[in-house]
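A.B. asks: I am attaching a structure below and will ask some questions about it afterwards.
The values are calculated or read from the model by the stated rules, or taken from the named source; none is laboratory data. Model, not experiment: these values are computed from the prediction. Note: ideal-geometry Cβ built from the backbone for every residue, glycine included; neighbour counts use all protein chains shown.
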Amino acid sequence: MTESIGADGVSRCPWGNSAPDYAEYHDTEWGVPLRGQDALYERLCLEAFQSGLSWITILRKREGFRNAFAGFVPEKVAEFGDDDVERLMADASIVRNRAKILAAITNARAITMLDQPLDDLLWSFAPTGERPRPRTMADVPAITPESTAMAKALKKRGFAFVGPTTCYALMQATGMVDDHLVTCFRANS
């Protein structure tokens, strides 16, 4: 079993003790069930922007992302055009990756075209029933059948940059799955 005690004496998942920003995110957000179109769209975008980067980079730029992407209100981002893309490419407060910026806009447009609420669509892939709590980080999967199915369903609906790994990270971040290790204080709360 992997036990990681932080400088504050709290037992967390090992990554949660690696930096103060991670500890705050781990303790208050990661694995907490999240609902609401704008909040879920934000997490979907942030997980896509994280691809290939460290999550701490995204956490530290989060307010910049919120400002740059109109508070992650899909109806507003869906209206972004070429001038907005160029504005975003020049904005040092976010990750300036054209493919990811275009995906955020594409995904906002896809959300506005859904025939069901984004909450219902995403949460329909949450596993049901008991799952064994991971004992070590090696026990935490990167993809699952559910995340693969979510990615396929999102792509079918016109979403971009939503592979199975990104979808599983989204599931973890929004509490659709709870991957806190058995030794983590959050596993017992």
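A.B. asks: Tell me yes or no: at least one residue of the range 38-47 is modelled with pLDDT of 95 or more and either basic (Lys, Arg) or assigned to a loop (DSSP other than H, G, I, E, B) (or both).
C.D. replies: Yes.
A.B. asks: Can you pull out every residue in the range 164-189 that is among the small types (Gly, Ala, Ser) and without any contact (Cβ under 8 Å) to a residue 40 or more places away in the chain?
C.D. replies: Hit for the range 164-189 is 189, nothing else.
A.B. asks: Can you work out which of the residues in the range 84-120 that are buried (at least 20 other Cβ atoms within 10 Å of the Cβ) and of a type in the set (Val, Ile, Thr) is nearest to residue 157 (Cα to Cα)?
C.D. replies: That would be 111.
A.B. asks: Among the residues of the range 88-123, which ones are without any contact (Cβ under 8 Å) to a residue 12 or more places away in the chain and not hydrophobic (A, V, I, L, M, F, W, C)?
C.D. replies: 96, 115, 116, 120
A.B. asks: Sticking with this structure for a sec: Applying the selection to the range 8-31, what residues are part of a loop (DSSP other than H, G, I, E, B) and either at pLDDT below 90 or surrounded by fewer than 17 Cβ atoms within 10 Å (Cβ to Cβ) (or both)? Steps first, please.
C.D. replies: The first filter runs over the range 8-31 and keeps only residues part of a loop (DSSP other than H, G, I, E, B), leaving 8-10, 13, 18-19, 29-31.
Of everything in the range 8-31, those that are part of a loop (DSSP other than H, G, I, E, B) and either at pLDDT below 90 or surrounded by fewer than 17 Cβ atoms within 10 Å (Cβ to Cβ) (or both) turn out to be 8, 9, 10, 18, 19, 29.
A.B. asks: Continuing with the same structure: Pairs under 9 Å by beta carbon, first residue farther than 15 Å from residue 84 by Cα in the range 58-69, partner of a type in the set (Phe, Trp, Tyr), six or more apart or different chains?
C.D. replies: 58/49; 58/65; 59/22; 59/25; 61/49
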